[in-house]
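Below: one structure, written as structure tokens.
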Amino acid sequence: MNKLKLFALTAVALMGITSVANADAAMLQSNDFVGISFWLVSMGCLAATVFFFLERSSVPAGWRVSITVAGLVTGIAFVHYIYMREVWVTTGESPTVYRYIDWLITVPLLMLEFYFVLAAVGKATSGVFWRLLIGSLVMLVGGYLGEAGYINSTLAFVIGMAGWIYILYEVFSGEAGKSAERSGNKSLVTAFGAMRMIVTVGWAVYPLGYIFGYLTGGVDANTLNIVYNAADFLNKIAFGLIIWAAATQQSSRAR
Ligand SMILES: *C/C=C(C)/C=C/C=C(C)/C=C/C1=C(C)CCCC1(C)C
């Protein structure tokens with residue numbers, strides 16, 4: 001198990017180094033704050049990944065898989081951020097494709113977390129996960145078609161919003177929300193409430209960025225990338241930390 005962990009960390013670290021070696025064509029400029037923000041999120045994600053994998057064995061067994069998934073989310077984002085930073089620094093263009101590929105993988109994994117924290121206390125049904133997955137796909141496919149210019153950006157926004165609202169419905173009033181409330185497990189209720197706030201408030205930053213970036217105008221590619229980067233930092237790392245904190249609380253209570 002420890003060897004496996006070491007291998008995973010080495011692989012992740014090597015990927016970072018290889019890509020640094022390729023970057024000699026264009027260097028990060030001291031006034032490129034967007035480029036700097038890509039770096040900051042990359043390193044935050046790397047640190048979070050190492051942290052989650054190392055902490056995994058210190059939480060009660062039922063929570064371990066959630067911590068693993070938290071580490072996968074930040075690990076996958078780390079690799080994408082290395083690529084996104086490179087696209088930005090070398091071309092000055094928004095790395096929309098890499099960003100959406102990252103979201104397409106990490107958002108379903110984040111949704112899986114709602115299922116796993118419910119499963120940690122024996123309250124999950126698979127329907128919860130499938131509904132959240134469908135909501136995520138509708139949200140992201142809509143957004144991508146709009147940002148990449150395949151369909152009208154207002155129509156794309158409406159489709160994306162429908163997916164997000166469906167997710168919010170599920171975690172507040174749907175089966176997921178109700179199961180969490182009925183569970184009577186304090187760690188779960190706290191974690192679930194905080195995760196729900198991230199998906200409501202933390203996630204609201206993305207559609208707002210989209211509105212100003214594509215619908216009303218007023219926000220250029222620089223600002224939009226900084227906004228998306230900051231939101232990813234919060235929504236991926238803080239989300240995992242919330243679950244880790246709940247898991248740790250439960251283990252100290254059990255002791
Ligand atoms: C780690 C990445 C995360 C948590 C990404 C989340 C992305 C969203 C919540 C995107 C939402 C959007 C809408 C609600 C409307 C259409 C445009 C989007 C795709 C930006």
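The values are calculated or read from the model by the stated rules, or taken from the named source; none is laboratory data. Keep in mind that what you see is a predicted model, and the values were worked out from it rather than measured. Virtual Cβ from ideal backbone geometry, glycine too; neighbours counted across all protein chains shown. Calculation scope for accessible area: heavy atoms of the full protein, side chains included, ligands and nucleic acids excluded. Shrake-Rupley method; radii C 1.70, N 1.55, O 1.52, S 1.80 Å.
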Inset, instruction - Keeping all protein chains in position, work out how much accessible area Ile167 exposes to a 1.4 Å probe, and write it in Å² to the nearest 10. - result: 0 Å²
Legend entry - Coarse-grained scattering of the chain at q = 0.09, 0.11, 0.12 Å⁻¹, given as base-10 log I(q)/I(0) from a Debye sum over alpha-carbon atoms: -0.41, -0.62, -0.73
Inset, instruction - Select from the chain the helices, each a whole stretch of DSSP H, whose alpha-carbon atoms run 15 Å or more along the helix axis and whose Kyte-Doolittle mean is at least -0.5; answer none if there are none. - result: 2-22, 33-55, 61-91, 96-120, 126-147, 153-172, 186-197, 221-232, 239-254
Legend entry - Sequence of Met43, Met197 from largest to smallest accessible area, 1.4 Å probe: Met197, Met43
Legend entry - Ile198-Glu181 pseudo-label distance in nm [points 7 Å out on the Cα-to-Cβ vector]: 2.3 nm
